[in-house]
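Working notes, beginning with the structure itself.
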Amino acid sequence: GKGIVSSSLAALLKARGYSVTIQKLDPYINIDPGTLNPYEHGECYVTEDGAETDLDLGHYERFLNIPTSQVNNITTGRVYKDVIEKERRGDFLGQTVQVIPHITDEIQRHIKLLGDSGNYDFVIIEIGGTVGDIESFPFIEAIRQLNWELGKKSVTIHLTLVPYLKTTGELKTKPTQHSVKTLLEQGVQPDIIVCRTEHDLNDALRRKIALFCNVQPSCVIQSIDVESIYEVPLLMQKEGLDREVLRLIQIPTTQEANLDYWKDFLHKLKFPKSNVTIGLVGKYVELHDAYKSIGESFIHGGVANECKVKLEYIHSEGINESNVDNKLKHLHAILVAPGFGERGIDGKIISIRYARENKIPFLGICLGMQCAVVEFARNVLTYKDAHSTEVNPKTAFPVIDLMDDKDNIPKTGGTMRLGAYPCELKEDSLAYKIYGQKHISERHRHRYEFNNKYLYEFESNGMIATGINKNQDLIEIIEIPSHPFFIGVQFHPEYKSTVAKHHPLFEHFVKAAMAYKAKNK
Ligand code: GLN
């Protein structure tokens, strides 16, 4: 809930003409979410500068249409690492290094990096976790100190849950009173309370919360459950969240922010003219957050076509030669997802063969593109044993391998290629038609690459490389021109799709699904 409320406030302030950014403080000890299992924290979101971050940064970018960076996501692990490195260098001159002031100072230093950059009128700081958690204590303490220092220039917003008890038909304010009390014990008085609720909070309830929590009634903001996260900025505007923030920091306001653009987006989202069913074949399908940005990109790409995309999450481990037809035949397009490791690879390869042979629109992202290369090598080039060396290091045909940047020789080890890299498109390709330009830049998160040694054989047999990183001679996009829509990308287009600027690949993929549906109905 906090990520969407922060993003909505940011979108409202931005619509009023202010420059805004958001920083997420995560109380866990991992240095960054790069090593976290997607089952626990959902997708790892990658920024332009190659930071592996919390998925909330994806919401920030989608709502704000402004890129975030390394600085926008800080964890306890990162803060401690920096402090300990300073201690080892002797920066503390023999002092005892302690949570207060050293850790809290370091947290404030990270927070101020964005404010001091001079690029922003507003920096919204979102603290992960819940008030009262042992882990979040130093962050709350840092905020207490900062509030003191900034005075009227800072506003504290507290998000609480107002549960609804079905049996008595009542909304309960007790949890809100308790969490505010806990916050007060830590020395922080919230200025605004945002209440998550299933039902409308009436005036009496708002007054009650205001009275118990020392805030003005106009600062009790309800955030009622809605179908789409994209409705939240409009609801927050109706509740006056941005107006109250500006009033508290004494910036005079006249009219409301103009949200016509959002309203138009929402209208198209709510009243689509058609619909398609697209399969997402992956291995983390039980938790949709693991593919958050892909799901959101389909919402944007669907709206661009005024078409509702019903995304069906399909577990690749459950797909085999004998059931593939049953599992995929109703789909109008198939996407094979990014991922790591061996689990579920066979089902992905079988799904790609099905899409290729039945001329169903196909989009492969990162591992999905690599699997498309392996499938083509096995079933068209007849290299039965072909594989990515990530899965089978002993394969006789390492069509996907660790590549040295310069001379295309496989290297023994590698770290991940992370963040934005340039790519040049071939002019007569599907990719060029989609992007409408020759030079693009997309974000990466992978170790393995197409093995250029095999390029000639692929191209002479119908799979061609249409996007290339010329600096490093790396293949970024493959296509099958004899297929109506078959494209695999080594990068992650889903990280760059926003409400204001949907990604062309998703727009065109949805269009291809619509065309497939029209033809095969
Ligand atoms: N596991 C593959 C690699 O490291 C693909 C990664 C991904 O899909 N993000 O190259």
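Each reported figure results from applying straightforward, stated rules to the coordinates on display, with no laboratory input. As the structure is a computational prediction, the values presented were derived from the model and not from experiment. Using ideal geometry, Cβ is built from the backbone for each residue, glycine included, and neighbour counts are taken over all protein chains shown.
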Next item on the list: Give, in nm to one decimal, the length gained when the segment between residue 133 and residue 447 is fully stretched (0.36 nm per residue of separation minus the Cα-Cα distance).
Entry: 109.4 nm
Check: How about segment 238-304: which trypsin sites (Lys or Arg not before Pro) there are in a DSSP loop, with at most 15 other Cβ atoms within 10 Å of their Cβ?
Finding: 273
Notebook entry, point to check: Give me the Kirkwood hydrodynamic radius of segment 54-168 in Å, from all C-alpha pairs, to one decimal place?
Noted result: 16.4
Checklist line | Within-10-Å neighbourhood charge of residue 3 [Cβ basis; K, R +1; D, E -1] | finding: -1
Check: Counting only Cα, what are the radius of gyration and maximum Cα-Cα distance Dmax of segment 259-412, in Å?
Finding: 17.7, 58
Notebook entry, point to check: By how many nm would the segment from residue 379 to residue 99 grow when fully extended, if each residue of separation counts as 0.36 nm and the alpha-carbon distance is taken off?
Noted result: 94.9 nm
Notebook entry, point to check: By DSSP, what percent of the beta bridges with both residues in segment 85-224 are antiparallel, rounded to the nearest 5?
Noted result: 15
Notebook entry, point to check: How much net charge surrounds residue 26 when only other residues with a Cβ under 11 Å from its Cβ are counted (Lys, Arg +1; Asp, Glu -1)?
Noted result: -3
Notebook entry, point to check: To the nearest 0.05, how large is the calculated FRET efficiency for residue 520 and residue 148 if R₀ is 45 Å and r is the Cβ-Cβ distance?
Noted result: 0.10
Margin query: Suppose each label sits 7 Å from its Cα in the direction of the beta carbon; what would the residue 482-residue 87 distance come out to in nanometres?
Written below: 6.5
Notebook entry, point to check: Modelled label-to-label distance, residue 310 and residue 289, 7 Å Cα→beta-carbon offset: nm?
Noted result: 2.7
Margin query: Can you give the local net charge around residue 129? Use residues other than it whose beta-carbon is closer than 13 angstrom to its beta-carbon, Lys and Arg +1, Asp and Glu -1.
Written below: -4
Check: What is the distance, in nm, between label points placed 7 Å from the Cα along the Cα-to-Cβ direction at residue 113 and at residue 320?
Finding: 5.0
Check: For the chain, what Kirkwood radius comes out of the mean inverse Cα-Cα distance, in Å?
Finding: 25.0
Note to self: Report the gain in length on full extension from residue 225 to residue 37: 0.36 nm times residue separation, minus Cα-Cα distance, nm rounded to one decimal.
What the structure shows: 64.9 nm
